Structure formats: C-alpha cells, structure tokens
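To start, the structure itself, in structure tokens.
The values are calculated or read from the model by the stated rules, or taken from the named source; none is laboratory data. Everything numeric in this text was worked out from a predicted model, so none of it was measured. Quick reminder, even Gly has a Cβ in these numbers, built from the backbone with ideal geometry, and neighbours come from all protein chains shown. To get the accessible areas, we keep the full protein, side chains included, count just its heavy atoms, and leave off ligands, DNA and RNA. Shrake-Rupley method; radii C 1.70, N 1.55, O 1.52, S 1.80 Å.
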Amino acid sequence: MKPMSTPTVLDREEYIEQAYLFRTVRERVADNQPAQEVFQRVADELLSTTRLPYAVQFVASELKHTGLLANGFAKLPHYFTAFQAFVVQQAEDEKSRLPMPTAFLILEREAAYRANQPTRPGLFVYQFETIARNRLGYIDGLEAMARDPFYDADWRGYFDQLRRLVGEKDFSDLVYTHSELFVAEERRRNPAFEPRRPVIFGEKEGKIAKASRTRDPLYLFAALQRQLGYPEVPRYRVRDDATTKMEILQTKLRDLEMRLKLVEGELRGSVDLSQFGKPDLLREKDD
C-alpha cells in the first residue's frame, strides 16, 4: 500500500467507491436522513479493500464534533483532493449559491471520470467550469486545483497564469495558445517557431477553442463535452415541479380566505382579529 502522508493519485477502485459514496450520500440526504448517520452507515457498504471506509469514518467523526463536512475532507489531503474539500466547503458556506446536493453530484461525476481513463485537459475543464458556473471564486479554486497530484508542473504553471489573466483575457485564447494546433499553425508560418508556453492541450481542444473565440466560455465547455466526451458539470435548477406549484397555490388560497373573512367581518361590524393569529414579531415577545 502506498504511503498516505502526501497527496497521491489513487487507484481506480478508490474512485469507483468514491463515486458510489457521493451518490449514496446525496440520495439519502435528499430523503431527509441526517448526514452524520448516512456517513456512519455507508462506511459498512464500501469495498473493504479500499481506504475509503477509514476516510469516511474520519469524516463522520469530524462532522459529529464540528458540524462541518469540509473539515474532514481537508484533514485527509492524502486521500481527498484539495478541490473536493473546496467544493464541500463552498456548499457549507452560507454566502455560497452552491447547494449541498449539487456539490455531491459534482464530486460524484468527477470521481466517475477519474475512474475511466481521465485526461488532464478533461479534468481541468470540468473543475474550471464548476468554479465558473457556480461562482466559487477563481483564486481559491485554482489554488485547490494546483494541489491535485494528477496535474504536473506544466499545469501548475498554467494555473498560476490563469490566476493573473482570468477575466482579463478571452478564456478560449488561454486554451488555444497552449494547444498543439497553435504550435502547428505558427510553424507553418515559421518553421523555427518554438512555443514559450507549455503545450498542454491537444489539437482538438485547440480547434474547438479557436472556433469559440469572443464567445461565452460556457459554449466552449459545452462543445468540449459534446466533441471530446468531457464530463458535464451539474446545473442547479430551482424546483419547478407540480408539488411545489401546488404548495404555493395552497398558501395563496389560505391567505385569500383569511382576507375574505376579514372583509366579511368588517361589513357586519364584528371583526375578531384573534382568529387570524398574532404577527410573528408579537408572538415572539409574548412567548
């Protein structure tokens, strides 16, 4: 077994079990099961030849003592990546727009991708879109990505460049100018051309990026997903099902009924305000 003192790329079976963990937690929490109990119970379901059961037990313990999942993830950098901890931390932040179910779905898809012949460009695009789409913060997000052992020194240098240029330069250009296509086109004009930047994207990524210049980066992400099979980032959608609409209508009908009773009482000259209850502010003071 590999030492667990420093971040390392895990075996495929670990990522398969991680994907199962994140999916199970997401589904059971959605059924109103307490997260602490879910983590305690799911450890028994995981493959015992992996290190995940021990990691889950530790996370469950941290959740019990601190009430935060991100603490457990962050204290296991040899197993969970800094990006995984970052996503969970953002979901627990009250100011964040990222719901916890969506965060676990993000982690589930990422783990599933890692278990099936991932590429560095594919993982980067998935993680970067996660940050962009959910407005998680580029500085902290890119720093977390840079600590992932899956990326090499060239990629870490690229992340440093992105931290300086993101928002100032077209993102499609930041992909295209680091691609094999860019180098090939420059060498057709100048055979002696040598790139000053590391070439980390392939020809296909460069072609798609070049065609996406001056457009919304989300179109570039979508094209890479369609053309190259990159994983799709989950999108948070506000509930709009029939049950939600019925609950809203019932609330409005109750309010309308109370207003009609008040009008009828005024017409008869006998208004009993007690039947409408106390305002919340007064109820708190009296109680």
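Points worth noting:
- Unit charges on C-beta of K, R, D, E only; dipole of region 1-113, Debye: 180
- Think of region 1-71 as a dipole: +1 on every Lys or Arg Cβ, -1 on every Asp or Glu Cβ, centred on the Cα centre; then among 67, 19, 46, 67 lies furthest on the positive end.
- For region 1-108, GluC sites (Glu not before Pro) are listed when DSSP marks them as loop and at most 15 other Cβ atoms sit within 10 Å of their Cβ; the list is 94.
- Gain on full extension, evaluated as 0.36 nm per residue between residue 61 and residue 11 minus their Cα-Cα distance, stands at 15.5 nm.
- Heavy-atom SASA rank of 178, 78, 65 (probe 1.4 Å, accessible area, largest first): 65, 78, 178
- Selection of GluC sites (Glu not before Pro), region 116-218, meeting DSSP coil and at most 10 other Cβ within 10 Å: 168
- FRET efficiency for the residue 186 to residue 156 pair, using the beta carbon distance and R₀ = 25 Å, is estimated at 0.55.
- Extended-chain gain in nm, criterion 0.36 nm per residue less alpha-carbon gap, residue 170 and residue 257: 25.8 nm
- Å² of accessible area per residue within region 128-167, as computed with a 1.4 Å probe and no ligands counted: 44
- Those trypsin sites (Lys or Arg not before Pro) in region 31-118 that DSSP places in a loop and that have at most 15 other beta carbons within 10 Å: 75, 95, 97
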